[in-house]
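Everything below concerns the one structure shown next.
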Amino acid sequence: MPVQVILLNGVSSAGKTSLAAAIQRRMPQPWLTMGVDTMIVGMPPQYNATHDGLLFYADGRVVVGPKFAALEAAWRIGLGAMARSGLRLVLDEVLFDGPESQRQWNAALAGLEVLWVGVKCDLAVLEAREKARGDRVIGMAAKTAGLRARWDRLRPGGRYFAGEHGRVCGGNRRALLPSPLRGGAGGGGLPAE
């Protein structure tokens, strides 16, 4: 069965969005990119900056409240249904709860062929990107970088690729791609339909 979902997991500013765009350009079929940022933009404004919703602290901590968690659970199920309908998805995610988030994604994507991609980046690069972006809470990269140790222990099942994307120059888009997507020696690209 060909891959139907590519799930990119990494901390804020690790390069997931750039990687998703590179994947979209590489693939001969259309792939739709969605992720936690898409959901945050679309959620009701009263869920931003509240203990019930999603709260970003000045020191970079992120707290997920019960109303955000409920929306996110429905979001995951909806994305699974989209993939089952035939859409190919690149998911740009941050698994804040580590193994619990992984369990929830596995349940939502059950029966689908998923390629999990761990997107890693040096802390110094993360912090520089965070400052340059201007739309992130300064310190979030350092706080969420601690999640990497938990993610390194994740065992999503199926195919998994973890790579360092923090040293890749903006112009080298092919180098951003996980080896299963690059094609050529050892890569081969995703299975064709």
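A few comments on the model shown:
- Here TRP75 does not fit the description of being part of a helix (DSSP H, G or I), farther than 14 Å from SER12 by Cα and in contact (Cβ under 8 Å) with a residue 40 or more places away in the chain.
- So LEU109, is it surrounded by 21 or more Cβ atoms within 10 Å (Cβ to Cβ), at pLDDT 70 or above and over 23 Å from LEU54 (Cα atoms): yes
- Qualifying residue in region 75-94 (condition: surrounded by 14 or more Cβ atoms within 10 Å (Cβ to Cβ) and modelled with pLDDT under 85): yes
- Filtered by the rule that a residue be under 15 Å from the mean Cα position of the chain (by Cα) and not in a helix (DSSP H, G or I), region 98-132 gives GLY98, LEU109, VAL114, LEU115, TRP116, VAL117, GLY118, VAL119, LYS120, CYS121.
- Residue pairs meeting the criteria (Cβ under 6 Å; at least 6 apart or on separate chains; first in a loop (DSSP other than H, G, I, E, B), in region 44-62; second of a type in the set (D, E, K, R) and surrounded by 11 or more Cβ atoms within 10 Å (Cβ to Cβ)): ASP52/LYS67; GLY53/LYS67; GLY60/LYS143; ARG61/LYS143
- Checked against (1) buried (at least 17 other Cβ atoms within 10 Å of the Cβ); (2) assigned to a helix (DSSP H, G or I), ALA69 passes all but a single condition, namely (1).
- Output for region 113-123, where each listed residue is in contact (Cβ under 8 Å) with a residue 40 or more places away in the chain and not basic (Lys, Arg): GLU113, VAL114, LEU115, TRP116, VAL117, GLY118, VAL119, CYS121, ASP122
- Total residues in region 1-59, condition in contact with a strand residue (DSSP E or B) (Cβ under 9 Å, 6 or more places away or on another chain) and of a type in the set (Ser, Thr, Tyr): 6
- Cβ-Cβ under 6 Å pairs, at least 6 apart or on other chains, region 84-108 side under 15 Å from VAL3 (Cβ atoms), far side assigned to a helix (DSSP H, G or I) and not charged (D, E, K, R): LEU89/ALA83; VAL90/ALA20; VAL90/ILE23
- Residue selected from region 26-38 under the condition of a type in the set (A, V, I, L, M, F, W, C) and at pLDDT 90 or above, by the criterion surrounded by the most Cβ atoms within 10 Å (Cβ to Cβ): TRP31
The values are calculated or read from the model by the stated rules, or taken from the named source; none is laboratory data. Keep in mind it's a predicted model, so treat the numbers as computed, not measured. With ideal geometry, Cβ positions are generated from the backbone for all residues, glycine too; neighbour counts draw on all protein chains shown.
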